[in-house]
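Novice: Could you have a look at this structure, given as structure tokens, before my questions?
Values in this text are rule-based calculations from the coordinates and carry no lab data. Not measured: the values here are computed from a predicted model. Glycine also receives a Cβ, built like all others from the backbone with ideal geometry; neighbour counts cover every protein chain displayed.
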Ligand code: 2AM
Ligand code: CA
Ligand code: CA
Ligand code: CA
């Protein structure tokens, strides 16, 4: 049984409150005002309201801490304090199309000891409002789904592995590069899925639902919580060169040990040609 810390409780309370709002808004999507930040990059009143709810909760629970929000950007905290990294709605495109695959992602990152920039992510939570699943992890204390300990999948063979990815869309990513990787991988694996929430993709690697995941051009709010979840569930996350990064954004490659190694080889080979 997990001894849930005060910090995870605070994050979960904020996520559940915002998640309740998202569930209500999800039934009324035709009434939501939607604007566009860039090509195919939408933000709705639901993203903004969820972010506001999370902010209101967390700033009272942890005064002086900073924030990095997808929508509101960076809000500095007091010197030496940690910050929350928040994606209030990961999977906005699904949400706006009435598809129930979206999540809230909240992570906590500590400042570096030398005071220069940001260091380790020490806590992460990915909450899926529609299924009411709360995936959470704390540094050195494991990854959990509610009170169940998570472990990455033990499947070691490509032909029994289900792999998640994110596909480039209008305004983001290199479709040619993605197709090369897909072309190298698809004939060898049991399946490839693109469900549209990177935070959930990583949480599902941690939960052993997927054996691996790759995507490019991600941001800290998409990956910070999910990356800790995978590591604390015994998996590996790196960039495409195989280097471990604190937040694992930009180029992400995740999996259990066997699949991380195999996927890395396939990626390197595909991108060489
Ligand atoms: P978002 O919903 O928070 O914007 C997966 O490819 C990631 O890219 C998602 O985590 C999603 O985060 C982001 N994204 C932004 N626009 C997208 C789009 N049109 N299609 C798919 N993903 C999109
Ligand atoms: Ca977005
Ligand atoms: Ca996102
Ligand atoms: Ca978002």
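Novice: Write down the Kirkwood hydrodynamic radius of the stretch 79-171, to one decimal in angstroms, obtained as one divided by the mean of 1/r over all alpha carbon pairs. Each step should come with its number before you reach the end.
Specialist: Working: mean 1/r = 0.0626 Å⁻¹.
Kirkwood radius, the stretch 79-171: 16.0 Å.
Novice: Next up: Evaluate E = 1/(1 + (r/R0)^6) for residue 113 and residue 61, where r is the Cβ-Cβ distance and R0 equals 25 Å; express this FRET efficiency to the nearest 0.05.
Specialist: My answer for the efficiency is 0.55.
Novice: While we're on this one: What FRET efficiency do you get for residue 243 and residue 24 if R0 is 41 Å and r is their Cβ-Cβ distance, rounded to the nearest 0.05?
Specialist: Here the calculated transfer efficiency is 0.45.
Novice: Work out how much length residue 81 to residue 261 would gain on full extension: take 0.36 nm times their residue separation and subtract the Cα-Cα distance, in nm to one decimal.
Specialist: Taking residue 81 through residue 261 to full extension adds about 61.2 nm, to one decimal.
Novice: Using alpha carbon centroids, what distance separates the stretch 122-141 and the stretch 144-217, in Å?
Specialist: The stretch 122-141 and the stretch 144-217 have Cα centres spaced 18 Å from each other.
Novice: Can you list the equivalent-ellipsoid semi-axes of the chain, largest first and in whole Å, using the square root of 5 times each Cα gyration tensor eigenvalue?
Specialist: Taking √(5λ) for each Cα gyration eigenvalue gives 28, 22, 18 Å.
Novice: Quick one: if you take sqrt(5λ) for each eigenvalue of the C-alpha gyration tensor of the stretch 158-272, what semi-axes come out, biggest first, whole angstrom?
Specialist: Result for the stretch 158-272: semi-axes of 18, 16, 13 Å.
Novice: So if each residue of separation counts as 0.36 nm, and I subtract the Cα-Cα distance between residue 99 and residue 130, what length gain in nm does that give?
Specialist: 10.2 nm
Novice: In whole Å, how far is the Cα centre of the stretch 83-116 from that of the stretch 20-60?
Specialist: Taking the Cα centre of each part, the stretch 83-116 and the stretch 20-60 sit 13 Å apart.
Novice: What is the log10 of I(q)/I(0) for the stretch 1-109, computed with the Debye formula using one identical point scatterer on each Cα and no solvent, at q = 0.15, 0.24 Å⁻¹?
Specialist: With one equal scatterer per Cα and no solvent, log10 I(q)/I(0) is -0.64, -1.31.
Novice: Another question about this same structure. Go ahead and run the numbers for FRET between residue 42 and residue 154, Cβ-Cβ distance against an R0 of 35 Å, rounding to 0.05.
Specialist: In this case the efficiency is close to 0.35.
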